[in-house]
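See below for the structure under consideration.
The values are calculated or read from the model by the stated rules, or taken from the named source; none is laboratory data. Remember, it's a predicted structure, so these values are computed and weren't measured experimentally. Cβ sites come from the backbone with ideal geometry, for glycine too, and all protein chains shown count toward neighbours. Note: accessible area is taken over every heavy atom of the protein model, side chains too, but ligands, DNA and RNA are not part of it. Shrake-Rupley method; radii C 1.70, N 1.55, O 1.52, S 1.80 Å.
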Protein chains: 2
Amino acid sequence: MDYCSTAEKMQNLLGDKWVITDEEIVTGYARESTSESYGLVCPGPEGECILVKPESSEEVAEIMQYACEEGIAVIPKGAGTSLSANAIPEGPGLILSLERMNDIVEIDRDNMMITCQAGVTLGQLLEELAGSDIYFPLHPGDEGAQVGGMAAMNAGGVRAVRHGVMQDQVVGLEAVLPTGEIESFGGSEKKLLKDNSGYNLKDLLIGSEGTLAVITEVTLKLYPEPDFNGTLIVSFASRLEAFEAETEIRKMGIIPMAVEYVEKKQIEMAARDIGKSWPASEGEAYLMIMLAEDSEDDFYRKAADIQKLEDEFEINGISVADTTREEKEILEIRSHILPAIQEEIVDSPDVTVPPANLPDYLQILEEFENEYNTELPVVAHAGDGNLHVLILKEEGGKPAYFGELKKKIYRKAVDLGGTITGEHGVGRLRLDYLPLQISSRQLEIMWGIKQVFDPENILNPGKKIKEFNINKG
Amino acid sequence: MDYCSTAEKMQNLLGDKWVITDEEIVTGYARESTSESYGLVCPGPEGECILVKPESSEEVAEIMQYACEEGIAVIPKGAGTSLSANAIPEGPGLILSLERMNDIVEIDRDNMMITCQAGVTLGQLLEELAGSDIYFPLHPGDEGAQVGGMAAMNAGGVRAVRHGVMQDQVVGLEAVLPTGEIESFGGSEKKLLKDNSGYNLKDLLIGSEGTLAVITEVTLKLYPEPDFNGTLIVSFASRLEAFEAETEIRKMGIIPMAVEYVEKKQIEMAARDIGKSWPASEGEAYLMIMLAEDSEDDFYRKAADIQKLEDEFEINGISVADTTREEKEILEIRSHILPAIQEEIVDSPDVTVPPANLPDYLQILEEFENEYNTELPVVAHAGDGNLHVLILKEEGGKPAYFGELKKKIYRKAVDLGGTITGEHGVGRLRLDYLPLQISSRQLEIMWGIKQVFDPENILNPGKKIKEFNINKG
């Protein structure tokens with residue numbers, strides 16, 4: 001990339017104000033919060049990248065056309081909240097922030113859908129719907145997340161048990177291809193509930209981490225606000241009992257909005273940090289079961305069913321939060337776990353296994369705790385089988401066994417039918433571990449698909465999967 | 001393909017019994033029910049194709065390896081119930097029937113999933129679960145459909161409103177690639193509820209109509225049997241009112257299992273044909289609203305809400321089927337519409353639009369009825385925006401305006417944000433119409449993906465998308 005001529009071209013396209021070359025600002029965009037706390041080295045984009053802030057899909061298309069002609073790398077950037085170091089440039093290029101494309105285009109009550117430009121934040125979306133009788137279920141923790149990024153990363157988080165992850169919410173989307181075309185997926189209005197015309201490119205873009213296209217607009221499903229919400233906090237004496245109970249809840253035929261697993265130390269730390277108190281005092285491990293029902297009767301009938309777990313498990317108490325305020329507070333404390341402990345951990349693999357395999361996986365983690373004489377606290381979206389293992393710092397830095405342990409954590413998950421990432425994505429943090437899970441033929445196919453979309457390999461090129469595949473696959 | 005050496009090789013691989021060269025049998029497999037009634041000409045595979053019936057994924061892999069080396073076309077064949085002429089050979093090759101791979105591998109209560117070999121039929125699956133407290137929601141009409149084919153075609157049908165189509169049910173799958181590898185998608189156990197490791201190849205295979213891989217095993221989600229089921233039949237004086245009412249139901253915040261739209265003449269014909277009677281006698285157009293609720297109270301509360309439609313619409317009556325027997329009978333009559341009228345129609349495009357656009361689309365159909373002086377009866381999965389337009393024969397054959405009308409039906413759907421196929425797939429019936437909806441760049445990408453999976457273009461090659469794209473895109 002010729003720095004000066006590229007900057008000039010961008011200024012002509014977008015106006016001076018939206019082309020940023022200031023080193024400090026650009027460097028800020030070239031990082032993620034995990035970069036520092038996880039000790040991730042960012043190879044120097046400083047002074048070599050240009051930050052651009054288009055305001056429309058047309059401007060994005062013009063940027064991509066130019067970049068494609070000139071072979072310039074483009075890194076699409078949402079809010080950077082995915083924590084997998086997926087949008088960090090590896091060399092010179094354009095960092096394309098979607099933040100100015102933050103209009104809520106339409107709330108469509110007739111279809112129960114909302115169309116947003118990519119830069120709309122989750123917070124903005126939730127605020128727009130607050131007080132109405134429709135809502136959007138997903139909550140990946142950080143409300144600064146942008147919906148375009150959430151689609152590009154296939155975000156999950158809390159409340160994915162009943163309605164699924166981001167892929168299940170995105171009815172249609174608009175994206176700019178690396179070759180510069182503006183394309184709709186899910187029909188021209190992006191509102192198709194069924195579409196069997198040709199290969200499913202929409203869901204290929206979801207979770208592609210900005211490597212196949214720049215998502216510029218998404219249409220999301222909305223749901224009727226349930227008549228009665230409430231959260232049960234069930235306290236267990238041991239983590240294993242909590243995970244075994246989770247399987248029992250599923251077998252009872254109850255489908256909650258969310259089943260979260262948290263541990264005493266981390267949840268109390270998170271609560272203290274934001275000046276709240278965690279409502280359960282007994283027990284060591286908790287299931288947070290969010291129910292959303294058609295009536296108060298249904299809620300209490302299901303709560304009573306869940307209470308029957310006491311016959312089978314050692315339960316230290318069940319508390320019920322049945323007001324919106326209490327429920328919101330619990331979610332707030334839950335969402336604050338990661339910020340509260342971020343400085344104490346070196347990594348948090350988000351492995352996922354078939355949900356009923358969680359107890360087996362937990363026992364393996366206990367073996368690791370003994371082997372490495374450490375603690376491995378766990379936070380989990382238990383209803384999805386998605387588990388965040390917190391690897392703690394030792395003396396303020398990476399412990400000597402870090403690399404070995406991390407690889408074992410991934411490998412054992414894969415052995416139990418699992419994946420190395422359930423919701424955060426591959427990014428730079430997990431790229432080297434992909435061959436533990438994905439066969440070399442599948443990696444080759446993924447690289448082939450990348451070339452089909454992006455023949456010049458300019459869009460979030462990172463480490464080329466092909467090189468990586470040949471070396472390690 | 002060298003016929004004799006291929007037959008011999010297949011006999012060595014599978015045993016003589018499972019390699020069929022009898023012209024009559026092979027010809028039967030090289031057709032679909034639509035071939036004749038829709039006047040579709042099948043270019044002569046007779047005497048040039050060999051039918052093979054492997055019994056394991058390993059045998060499928062051996063077939064594919066040989067076919068790949070020799071450049072032999074392979075047409076994977078389920079039950080052929082998709083009605084889009086998607087698995088009809090265009091020339092010499094192997095017809096690979098999955099019918100012998102019909103084991104239900106596992107019902108996993110802990111994970112609420114079922115794993116089936118590709119050749120398991122929907123009927124077999126439903127029977128296996130009958131009387132238990134878990135169930136599988138989708139019902140694409142013909143219970144002879146095989147689950148592998150249902151995945152390959154992304155089948156929809158009745159009961160997709162709440163839980164979605166086949167893609168939403170398939171947690172993981174095993175497939176044999178055109179290059180011969182046996183690959184798992186969705187983790188090695190195929191039971192992952194969340195997986196963000198690399199591109200989403202699983203959902204790319206779903207709906208790819210046997211062109212990217214041979215699906216050999218699928219794991220499906222199961223759901224707790226609802227405590228109270230029931231079906232309302234709401235009778236309307238006009239079809240437009242029925243479709244407008246459908247939007248109102250969604251706006252009420254009710255999410256039924258299914259919202260089907262049927263018309264008097266077709267539903268009565270279907271009922272008569274199987275010796276039953278349709279429970280509504282008044283009205284011209286009906287919404288069949290299947291509710292599945294947590295309690296009888298919830299059911300009747302929602303039924304009462306739906307009854308309020310009478311304030312706004314001209315409703316000729318509402319009947320309630322609240323016993324399992326009555327409900328089953330209604331579904332049976334509904335499923336029989338297509339068989340009952342198959343001989344009278346020349347095509348039934350299954351266009352889909354955003355659900356709230358259905359009334360607009362209906363008005364366009366009325367204009368076509370006037371323009372061509374014909375009737376265009378409609379059957380619809382109204383809750384999904386999915387509409388089957390029945391184009392009637394004239395004097396026992398295709399009317400002169402058939403081609404023109406069909407193209408208009410597709411084009412107007414696309415103009416209203418729709419797709420040319422919501423659930424049946426492209427197949428040979430709709431291939432020529434794809435460019436009405438899909439841009440040439442997207443078609444190029446689809447063709448590129450096909451080449452990545454299948455460099456020799458041997459798997460269900462049909463008309464090459466590329467040629468088609470260059471000629472018409």
*How many residues are within 22 Å of the chain's Cα centre (by Cα) and not in a helix (DSSP H, G or I) if we restrict to region A:342-388?*
20
*If you check A:K264 against the conditions, is it charged (D, E, K, R), over 25 Å from A:P339 (Cβ atoms), without any contact (Cβ under 8 Å) to a residue 40 or more places away in the chain and open to solvent by 10 Å² or more (accessible area, probe 1.4 Å)?*
no
*helices (runs of 4 or more DSSP H) wholly inside region A:154-260 containing at least 1 residues that are away from chain B (no Cβ under 12 Å), open to solvent by 20 Å² or more (accessible area, probe 1.4 Å) and not aliphatic (A, V, I, L, M)*: A:239-251
*Flag for B:E127 being in contact with a Lys or Arg (Cβ under 6 Å, 6 or more places away or on another chain) and modelled with pLDDT of 95 or more*: no
*Does any residue of region B:387-407 turn out to be closer than 22 Å to A:V171 by Cα and outside the structural domain of B:G157 (by TED's automatic domain parsing)?*
yes
*In region B:402-413, what count of residues is obtained for those that are open to solvent by less than 20 Å² (accessible area, probe 1.4 Å), out of contact with any Pro (no Cβ under 6 Å at 6 or more places or on another chain) and under 23 Å from B:G383 (Cβ atoms)?*
2
*asked:* It is to be established whether one or more residues within region B:454-465 are in a helix (DSSP H, G or I) and more than 14 Å from chain A (Cβ to nearest Cβ).
replied: no
_Which of the numbered conditions does A:S348 fail, given that it passes all the others? Conditions: (1) of a type in the set (S, T, Y); (2) modelled with pLDDT under 90; (3) assigned by TED's automatic domain parsing to the domain that holds A:G418._
(2)
*asked:* Among the residues of region B:395-427, what is the count of those that are in contact (Cβ under 8 Å) with a residue 12 or more places away in the chain, under 28 Å from B:M166 (Cβ atoms) and of a type outside the set (K, R)?
replied: 16
*Tell me, which strands (runs of 3 or more DSSP E) lie completely within region A:60-110 with 2 or more residues that are buried (at least 24 other Cβ atoms within 10 Å of the Cβ)?*
A:74-77, A:93-97
*Among residues belonging to region B:415-430 that are at the interface with chain A (Cβ under 7 Å from one of its Cβ atoms) and over 15 Å from the mean Cα position of the chain (by Cα), point out the one that is surrounded by the most Cβ atoms within 10 Å (Cβ to Cβ).*
B:G418
*asked:* When you scan region B:386-394, do you find a residue that is within 14 Å of chain A (Cβ to nearest Cβ), surrounded by fewer than 21 Cβ atoms within 10 Å (Cβ to Cβ), of a type in the set (K, R) and in contact (Cβ under 8 Å) with a residue 24 or more places away in the chain, even just one?
replied: no
_Members of region A:289-341 that are over 24 Å from A:A245 (Cβ atoms), open to solvent by less than 30 Å² (accessible area, probe 1.4 Å) and in a helix (DSSP H, G or I)_ = A:A340, A:I341
*Considering (1) modelled with pLDDT under 95; (2) open to solvent by 40 Å² or more (accessible area, probe 1.4 Å); (3) on the phi > 0 side of the Ramachandran plot, say which one B:G275 fails and leave the rest.*
(1)
*Residue satisfying all of: in region A:97-145; among the β-branched types (V, I, T) and more than 21 Å from A:P226 (Cβ to Cβ); nearest to the other protein chains (Cβ to nearest Cβ) among these*: A:T115
*What number of residues within region B:3-20 are farther than 22 Å from B:A85 by Cα and in contact (Cβ under 8 Å) with a residue 12 or more places away in the chain?*
9
*asked:* Pull out all pairs, ordered by first then second residue, where Cβ-Cβ is under 9 Å, the residues are six or more apart or on different chains, the first lies in region B:328-355 and is without any contact (Cβ under 8 Å) to a residue 40 or more places away in the chain, and the second is open to solvent by 20 Å² or more (accessible area, probe 1.4 Å) and in a loop (DSSP other than H, G, I, E, B).
replied: none
*Qualifying residues in region B:261-288 (those that are outside any loop (DSSP other than H, G, I, E, B) and either among the charged types (D, E, K, R) or in the same structural domain as B:H381 (by TED's automatic domain parsing) (or both)) - the one nearest to A:S132 (Cα to Cα)*: B:E263
*Out of curiosity, is B:I438 under 30 Å from A:T179 (Cβ atoms) and buried (at least 18 other Cβ atoms within 10 Å of the Cβ)?*
yes
